[in-house]
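The values are calculated or read from the model by the stated rules, or taken from the named source; none is laboratory data. Owing to the predicted nature of the structure, the values given are computational and were not obtained by experimental measurement. A quick note on method: Cβ atoms are made from the backbone with ideal geometry, for glycine too, and the neighbour counts reach across all protein chains shown.
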Amino acid sequence: MISDRVRKMMEDGLAYPLSKSPEDEEDYIKLCSNENPFGPPSQVIEAIKREAKNVDRYPEPTSVELKEAIGEYIDVNPIRICVGNGSDEVLDLICKATMNPGDETLIPIPTFSQYELACRINALNPNFFELEGFRWNAEKLLKVIDNYKTVFVCRPNNPTGNSLDEEGLKNLLETGKMIVVDEAYGDFSEDTVVDWVEDYENLMVLRTFSKIFGLAGLRVGYGVGNEEIIRAVERVRSPFNVNRLAQKAAIAALDDENFIEESRKVILNERKYLQVELEKLGFEILPSDANFIMASPAPFGMSARDVSNYLFREGILIRNLSGFRGIDGEWVRISVGRPDQNRQLIKTLEELKEIENERTASNSK
């Protein structure tokens, strides 16, 4: 009754690696999912309240008003934009609209696991290119790209936080291969290639309202590409895929530029604070263009699991990256929170380090 490919996924235990989420989540400092710690703009809540009375009616089926608002925000013609129930759905639609069963795809790792899941669900064959030392090397990537129809590039990359440079990305695009660039965290780096879609017909850019806009719970994402691809995506899209509340909330979020700019400013300042303080504690830190930091507690003298579990017991959630494809060694991912949350994190880690120092001293006697 179950398809061979899905049965294989089930046997392999392939699934999106959800972070630990306790029932009383509101009592925790949540630094594990890269959300905006300030929540959504207040006008988003008001827009949802106003629209709530209309939930007995289907939403506008093509999200035309939302596409127009997105087009104005990124300065792209709305005919080049598609929207979905999160960028995950847009990713799935791109696979359906542009690839055939059995097509070979290339995924630089470590990265967002949904690329592999979308490929396997759509009967594609995902292949992997390991980033050496978690660094991008476009020249080596170019040497193997001929064997694949599509390459997925997360920019900035999740969970490493770094980005393939513009020259490297242009070189990939010049091959004519389909390049899907995921800019879920692009609003934090202020480095986007959405305007490149006019020059490269083989480029598709994914973006989301789940991060800087604070709408993770409403699931709104969008894709930007050439008109032919967008028409194909619209053809395979389910009707009414973005609900009424989500459409109105996303439009309201785009209209509050002050909130976005202030969120970006504070988060980037706090990211620098965390990088400095974590290094003082002995963590190895990777450079980041996003709203999170990939860090290793190995120099700190502990495993990723032990650090994550200790913080969990102390009411702080971070992401243990053990088991992620392409990650060896001890690594965690820490979302940048509000100033008070970040300082509580550092204080708790300082206490943990003191406990470990005392334990080491006691064992050496």
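Worth a mention:
- If you go through the range 99-130 and keep only what is in contact (Cβ under 8 Å) with a residue 40 or more places away in the chain and out of contact with any strand residue (DSSP E or B) (no Cβ under 6 Å at 6 or more places or on another chain), you end up with Met99, Asp103, Pro110, Ser113, Gln114, Leu117, Arg120, Ile121, Ala123.
- Of all positions in the range 103-112, none carries a residue that is assigned to a helix (DSSP H, G or I) and of a type in the set (Val, Ile, Thr).
- Looking only at residues of the range 236-254 that are among the charged types (D, E, K, R) and modelled with pLDDT of 95 or more, we find that the one that is nearest to Ser210 (Cα to Cα) is Lys248.
- The set of residues in the range 9-47 being at pLDDT below 70 and either among the basic types (Lys, Arg) or touching a Lys or Arg at 6+ places or on another chain (Cβ under 8 Å) (or both) consists of Met9, Leu14, Ser19, Lys20.
- Only one of Lys170, Lys177, Lys211 that is farther than 26 Å from Asn269 by Cα, outside the structural domain of Ser263 (by TED's automatic domain parsing), of a type in the set (D, E, K, R) and in contact with an Asp or Glu (Cβ under 9 Å, 6 or more places away or on another chain): Lys177
- Taking the numbered list (1) of a type outside the set (Ser, Thr, Tyr); (2) assigned to a helix (DSSP H, G or I); (3) under 27 Å from Asn157 (Cβ atoms) in turn, Leu218 passes all entries but (2).
- Just so you know, in the range 111-152 the residues that are among the hydroxyl-bearing types (Ser, Thr, Tyr) and either modelled with pLDDT of 95 or more or outside the structural domain of Val205 (by TED's automatic domain parsing) (or both) include one that is nearest to the chain's Cα centre (by Cα), and it is Thr111.
- Filtered residue count, the range 287-301, keeping only those that are surrounded by fewer than 19 Cβ atoms within 10 Å (Cβ to Cβ) and in contact with a Phe, Trp or Tyr (Cβ under 8 Å, 6 or more places away or on another chain): 1
- Inspection of the range 202-212 finds a residue satisfying the criterion of being among the aromatic types (Phe, Trp, Tyr), out of contact with any Ser or Thr (no Cβ under 8 Å at 6 or more places or on another chain) and part of a loop (DSSP other than H, G, I, E, B).
- Qualifying positions in the range 217-241 - in contact with a Lys or Arg (Cβ under 8 Å, 6 or more places away or on another chain) and either aromatic (Phe, Trp, Tyr) or closer than 20 Å to Glu72 by Cα (or both): Gly221, Tyr222, Gly223, Val224, Gly225, Asn226, Glu227, Ile230
- Those residues of the range 75-87 which are out of contact with any strand residue (DSSP E or B) (no Cβ under 7 Å at 6 or more places or on another chain) and either among the acidic types (Asp, Glu) or closer than 27 Å to Thr111 by Cα (or both), in sequence order: Asp75, Asn85
- Scan of the range 135-168 for residues that are part of a loop (DSSP other than H, G, I, E, B), within 24 Å of Thr208 (Cα to Cα) and not acidic (Asp, Glu), ordered by number: Trp136, Arg155, Pro156, Asn157, Asn158, Pro159, Thr160, Gly161, Asn162, Ser163, Leu164
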